[in-house]
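The values are calculated or read from the model by the stated rules, or taken from the named source; none is laboratory data. It should be emphasised that the depicted structure is a prediction, and the values quoted were computed from it without experimental measurement. Methodologically, a virtual Cβ is constructed for each residue, glycine included, from the backbone with ideal geometry; neighbour enumeration extends over all protein chains shown.
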Amino acid sequence: MKLGELGSFIREQRRGARLSLRKLSDLAGISNPYLSQIERGLRKPSAEILQAIARALSISSETLYVRAGILEENRDHDLVAEILKDTKLSERQKQNLIDTYRNYVELNKFGGGEPLERAASIDDVTNE
C-alpha cells in the first residue's frame, strides 16, 4: 500500500471518530506534526506507532498493519479460527461450516455460484 493511502485511511478513521488531529496525537502518544506527516503520506509509521494509533481510534492493530503492508489480509484464517473456537459446535458442524465457506469463496472467485440469498442456510449446514 502507498503511504498516502494509509494516511488517508487513518484520517478517515480519525474524522469518523470525531477526533481532531491534536486529540488523536495526544491519545496515541505521538506528536501532532508526526501524525500530520503520517496522514499526508510523508512518513512511514512503525508497527508500534500504528498500534498506538489503532488503540486511540478503537480499531484493531491488524487493520492498520494490513493497510500498511506489514501483514497480509487473511480473512479466511480469521473465520476458520473463530469457527474452531466455537464450543457450541460439534467437530462435524465445524468442518461443514469451514468446507461450505471455502467452497463458496472458491465458486465466487470466478464469478460463479449462487447469490447469497439462495445459498444454503446456516441451519442446513449445522444440523446433524
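General observations
- Yes/no for R102 being at pLDDT 80 or above and either assigned to a helix (DSSP H, G or I) or under 20 Å from the mean Cα position of the chain (by Cα) (or both): no
- For first residues located in segment 52-79 and closer than 17 Å to S8 by Cβ, partners that are acidic (D, E) and modelled with pLDDT under 85 and lie 6+ apart or on another chain with Cβ distances below 8 Å form the pairs V66/E72; V66/E73.
- Restricting segment 74-97 to residues that are in a helix (DSSP H, G or I), modelled with pLDDT of 80 or more and surrounded by 13 or more Cβ atoms within 10 Å (Cβ to Cβ), the residue that is nearest to the chain's Cα centre (by Cα): I83
- Each residue in segment 8-61 was checked for being hydroxyl-bearing (S, T, Y) and either surrounded by fewer than 14 Cβ atoms within 10 Å (Cβ to Cβ) or assigned to a loop (DSSP other than H, G, I, E, B) (or both), and 5 pass.
- Residue in segment 62-71 that is surrounded by the most Cβ atoms within 10 Å (Cβ to Cβ), counting only those that are more than 13 Å from L3 (Cβ to Cβ) and among the aliphatic types (A, V, I, L, M): V66
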